[in-house]
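Chemist: Structure below; questions to follow.
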Amino acid sequence: QVQLLESGGGLVQAGGSLRLSCAYSGNILLINVMDWYRQAPGKQRELVARITSGRTPNYAEFVKGRFTISRDVTKKTMYLEMNSLTPEDTAVYYCHAVRLGGADYWGQGTQVTVSS
């Protein structure tokens, strides 16, 4: 089992920044993909950014140039640095991890609200 715990969400004005963290624990040795998803009210959950071991991170078009995903394996934490936030970025942001073999895990989510 893998446990994921997000933090760092909150209320910010348009144009502002937030950094989300996802602390992971448990059976983490075989985790090779970690990503951030988000879900706005009335919308489907969508991929925001993905980091795969040994590969360049990739991003959804709507966050390219504004968000940065990173992972600190010594701290067992993944981050999402979010800049130039707009009200359209308002959503619950979820941390997600995939282990080799396909088992995947979700965090409980953290709310990000961007006011205009």
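Quick note: the coordinates plus some simple rules give every number you see, no bench work behind them. Values in this document were obtained by computation on a predicted structure and should not be read as measured data.
Chemist: Express in nm, to one decimal, how much length is gained between residue 11 and residue 43 on full extension, taking 0.36 nm for each residue of separation and deducting their alpha carbon distance.
Modeler: Value of the extension gain: 9.5 nm.
Chemist: Continuing with the same structure: Semi-axes of the equivalent ellipsoid of the chain: what are they in whole Å, largest first, if each equals the square root of 5 times a C-alpha gyration tensor eigenvalue?
Modeler: Details: eigenvalues 112, 38, 33 Å².
Equivalent ellipsoid semi-axes, largest first: 24, 14, 13 Å.
Chemist: Same structure again: Which whole-number percentage describes the relative contact order of the chain, with Cα contacts under 8 Å and a sequence gap of 6 or more? Intermediate results must be reported in sequence, preceding the final value.
Modeler: Details: 282 pairs, mean separation 42.8, N = 116.
This gives 37 percent for the chain.
Chemist: Another one. In whole Hz, what ³J(HN,Hα) sequence does the range 8-24 give by Karplus (6.51, -1.76, 1.60; θ = phi - 60°), x for Gly and Pro?
Modeler: Here the 3J(HN,Hα) series is x, x, x, 9, 9, 7, 4, x, x, 9, 9, 10, 8, 10, 9, 8, 10 Hz.
Chemist: Can you divide the C-alpha Rg of the range 1-65 by 2.2 N^0.38 Å and report the result to two decimal places?
Modeler: Details: Rg = 13.7 Å, N = 65, 2.2 N^0.38 = 10.7 Å.
The value comes to 1.27.
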